Amino acid sequence: MCGIVGIIGGEKGTNVVPELIRGLERLEYRGYDSAGIAVIGNGIERIRSVGKVANLRGKITDAMVGDLGIGHTRWATHGKVTEDNAHPIMSKDVAIIHNGIIENFKSLRFILQTEGYVFESETDTEVILHLLQRELLKGSSPRQAMSNVFKMLDGTFAVVAMFLHFSDTLLAMRHKSSLIVGLGKESMYVGSDAGALSDSCEEVVYMEDGDIVEMHRTDGIVFFNTELEEIKRRRHGVTSALVNIEKGEYPHFMLKEIKDQPNAIRNTILHNGIDKTLLDGISNILILACGTSYHAGMVAKYWFEKYLKIPSIVEIASEFRYRSPVIQEHTLVFSISQSGETLDTLAAIEYVRSNSNCSTIAVANVKNSATARASDIVFYTQAGVEMGVASTKAFTAQLIILASISFCHNDFLMDKLKEIPTLCEDALDLAPEVEKIAHIISKSNNAIYLGRGMMYPIALEGALKLKEISYIHAEGFAAGEMKHGPIALIDDQVPVIFLCPSGELFEKTLSNIQEVLARGKNVIVITDSNGEMAFPPDVAKIVLPTIQAEFAPILYSIPLQLIAYYAAVQRGTDIDRPRNLAKSVTVE
Ligand code: G6P
C-alpha cells in the first residue's frame with residue numbers, strides 16, 4: 001500500500017530529487033496508483049502524477065532541485081485516483097505525506113472549513129496539513145505542532161512533514177502504520193519500510209506507535225513521545241538481504257520468486273530449529289492471518305490436529321477481533337504474515353495480548369516487522385525479500401515453518417522434509433508443460449479449483465493466485481462440496497483444476513473428477529507418478545514427483561503458481577504490480 005520516503009541530504013545543496021525517485025521505485029512493489037515528490041528548493045516545489053513512478057519521473061525536469069524532500073506512492077482510500085489527491089499534500093509552507101486512514105477526518109474537515117480553511121483534495125490527509133498549519137499560526141514550533149496534531153487524530157497514520165521555514169528539518173510521527181528512520185553516511189532518511197532506504201543506509205531505527213521524530217541536518221535525530229519527552233530508540237544494522245533486489249535474467253519478480261523456492265525452503269529448514277518444549281502444556285492452537293498467509297494457516301490446522309493432536313482453529317485476522325472471541329487459557333497463538341505489517345493481523349495479535357495471557361508466535365518474512373515485534377516468539381521464513389505482490393516463495397516457506405513445528409516429534413517426517421527442495425526443483429522443470437496448459441485457462445473468464453483434505457486450502461490458494469494476477473474469476477472449493485452448488489457452474493467451457501495426489505483421498509477425488517467429466521470437458525488434473533494412470537488419456541495432466549503425503553500442499557502449490565503466472569503472461573497483465581492490489585495492507 002502507500003509508500004513513504006523522506007530524505008535530508010548530507011550537505012546543504014545536495015540534490016535529493018534523484019534519490020527520492022529511486023526510493024519511490026523501490027516502494028512500487030507495495031502497490032499504488034499515483035505518486036509524487038516535494039522538495040525545498042525555491043520555496044516548496046511539488047510534482048505529482050497518476051499511475052507509475054515512471055510517469056512521475058517523466059515529468060521531473062532539471063529545474064527541480066532541493067536538498068530536503070519527501071516522496072509518496074498513494075494507494076487510494078479517500079478520494080479517487082487523481083493528481084489532486086496524490087501526495088504530497090501541501091500549502092505554501094508545509095508539505096506532508098501520509099500512510100493510513102484518519103477516521104475522524106469528516107468532523108475535523110468540517111471544523112477546519114468553518115474556520116475558513118479551503119480543501120483542495122478529497123483526501124483524509126489534508127486535515128493533517130491544515131491542523132499543522134493552524135498550530136504554526138498559533139505560534140507552535142513544528143515539533144510542538146506535530147505533537148498537538150497527533151493527539152487530535154483517530155485512526156492509523158505514518159506522517160512525514162517538511163516546513164519551508166525550517167529547511168533543515170523533517171518531522172515524522174507514527175501511530176499503527178510502519179515508519180523507519182535510516183541513517184546513511186551523510187544523509188538521513190525516513191521510509192515506510194527498510195526496502196525504501198536500503199542502499200543508502202547503514203543503520204535503521206524502527207519507530208514505535210506514539211513516536212515523533214525530529215531529524216535535523218546538523219543536529220541529528222531525536223525521538224519524542226507525544227508529551228515531547230525525549231525517548232531512546234535502538235539502532236539496527238541494515239541486512240545485506242535488503243540490498244540490490246534485482247530481477248536478474250527473469251522477466252518478472254514473480255517468476256524469479258517462484259523459481260527461488262527450492263533455496264527459500266532450504267534456507268528456512270536450516271535456520272529454524274524447533275524447540276520441542278514449545279508445545280508443552282498447550283491445549284489449543286489459534287492461527288491468525290490474511291490472504292495467502294491464511295491459506296498457509298489452513299494447511300497448518302490439518303497438520304496440527306492430525307500430528308500434534310491439538311485442537312486448532314484458523315481465523316481470518318480481519319474478522320477475528322470484531323466478534324469478541326473468547327481465548328481459552330493454554331492456547332498457543334500463531335500469526336502468519338509475509339510482510340509482518342498487515343494491519344488486521346497486527347490488530348488481532350494486539351487483541352490476543354489485551355484479552356489473554358497466551359503466548360504469541362509470529363511467522364514473518366520481514367525482520368523486525370510489526371507482527372514480529374508484537375509477539376513473544378518469532379520464526380522467520382528465510383525466503384528473502386518478496387517483491388511480487390502475489391505471494392509465492394514466502395507462502396511455501398511459511399508452510400515449511402509450520403510443518404517443522406507440526407512434525408517436531410516425528411524424526412522420519414523431519415528427515416523427509418529435507419527432500420522437499422529437490423522435489424520442488426523437479427516440479428519447476430515442468431514449467432514448459434504448465435505454460436501450455438495455462439492456455440486453456442487464459443482463454444476462459446472463469447476457473448474452478450478443487451481439492452480435498454490438505455489440498456482444499458491449496459485449491460483456494462491456486463484460485464486466489466489466478467485472480468490476483470490474471471484477473472480471471474476463479475474460485476476454490478472442497479471437492480466434496482462440489483455437488484452442493486459449484487457443480488451448477490460446470491459446462492463444457494469452464495476449466496476445472498483438480499488437485500489429486502495419490503494417497504488417502506485419491507479415490508474420492510477421482511469420483512469427483514468423473515462427476516465433472518460427465519458434465520464438462522475442460523478438466524486439468526495435477527497428480528503424481530502413482531496417480532497418473534487412473535485418468536483417461538484425453539484429460540490434461542501435470543504429473544509431479546510422488547511426495548510424502550503430508551508435504552503435498554507445498555509441492556502442489558508450485559504448478560498452481562506457474563499456471564497463474566503463465567495465464568497472466570498470456571493475458572498481458574502487469575504481473576508484479578497487479579491492479580488495485582497492495583503488498584503490505586496497512587489499512588483495514
Ligand atoms: C495482501 C497481498 C497478499 C497477501 C496478503 C497478506 O493482500 O497482496 O499477497 O497474502 O496481503 O499479507 P501478509 O503480508 O500478511 O502475508
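The values are calculated or read from the model by the stated rules, or taken from the named source; none is laboratory data. Source: prediction; values computed, not measured. Virtual Cβ from ideal backbone geometry, glycine too; neighbours counted across all protein chains shown. Side chains are part of the model used for accessible areas, which takes the heavy atoms of the whole protein and leaves out ligands, DNA and RNA. Shrake-Rupley method; radii C 1.70, N 1.55, O 1.52, S 1.80 Å.
Amide H contacts of VAL378 (H built 1.01 Å from N, in plane; Pro and chain starts excluded): ALA362 sit under 5 Å, all sequence-distant by 5 or more or on other chains. At q = 0.09, 0.20 Å⁻¹ the log10 of I(q)/I(0) for the range 427-574 amounts to -0.22, -1.25, computed by Debye summation with a single uniform scatterer per C-alpha, solvent ignored. With semi-axes defined as the square roots of five times the eigenvalues of the C-alpha gyration tensor, the equivalent ellipsoid of the chain measures 45, 26, 22 Å, largest first. Rounded to whole numbers, the Karplus 3J(HN,Hα) couplings from phi for the range 414-429 are 5, 5, 5, 3, 5, 7, 4, x, 5, 5, 5, 4, 4, 5, 5, 5 Hz, using 6.51 cos²θ - 1.76 cosθ + 1.60 with θ = phi - 60°, and x at Gly and Pro. Residue ranges 29-41, 560-572, 250-262 sort as 29-41, 560-572, 250-262 when ordered by packing (mean number of other C-beta atoms within 10 Å per residue, highest first).
Which shape class, rounded, prolate or oblate, goes with the range 324-380 when its Cα gyration tensor gives a ≥ b ≥ c as root eigenvalues, a/c under 1.5 marks rounded, and past that a/b bigger than b/c marks prolate?
Numbers: a/c = 2.44, a/b = 1.67, b/c = 1.46.
It is prolate, given that a/c is not under 1.5 and a/b is the larger ratio.
With protein chains left intact and a 1.4 Å probe, residues in the chain average 39 Å² of accessible area per residue. Averaged over residues, the count of other Cβ atoms within 10 Å places the peptides 375-385, 407-417 in the sequence 375-385, 407-417, highest first.
Over 27 Å between Cα atoms, which of LYS393/LYS416; LYS301/LYS443; LYS483/LYS521 qualify? Don't skip to the answer; put the middle values down first.
Details: LYS393/LYS416 20 Å; LYS301/LYS443 35 Å; LYS483/LYS521 17 Å.
Going by Cα-Cα distance, LYS301/LYS443 fall outside the 27 Å limit.
Report note on the peptides 97-110, 165-178: ranked by the mean count of other C-beta atoms within 10 Å, highest first, their order is 165-178, 97-110.
With N as its number of residues, the range 3-242 has a Cα radius of gyration that, divided by 2.2 N^0.38 Å, comes to 0.92. Distance from the alpha carbon centroid of the range 105-184 to that of the range 244-312 works out to 39 angstrom.
Could you list, in their original order, any pairs among LYS508/LYS541; LYS185/LYS583; LYS276/LYS418; LYS106/LYS583; LYS106/LYS176; LYS80/LYS106 whose Cα atoms are separated by more than 23 Å? Correct reply: LYS185/LYS583; LYS106/LYS583. With Cα atoms as the point set, the radius of gyration and Dmax of the range 239-386 evaluate to 16.1, 51 Å.
Given contacts defined as C-alpha pairs under 8 Å and at least six residues apart, what's the relative contact order of the range 168-282, whole-number percent?
Values: 151 pairs, mean separation 24.1, N = 115.
Contact order relative to length: 21 percent.
Across the alpha-carbon atoms of the range 1-103, the computed radius of gyration and Dmax are 12.6, 39 angstrom.
Put a dot 7 Å past the Cα of LYS92, heading toward its Cβ, do the same for GLN144, and the two dots end up 2.2 nm apart. For the chain, the antiparallel share of DSSP beta bridges with both residues in that region comes to about 65%.
Can you give the FRET efficiency to the nearest 0.05 for GLN113 and ASP415, using r as the Cβ-Cβ distance and R₀ = 60 Å?
Details: r = 68 Å, r/R0 = 1.13.
E(calc), rounded to 0.05, equals 0.30.
Rounded to whole Å, the principal axis extents of the Cα atoms in the range 474-558 read 34, 25, 22, largest first.
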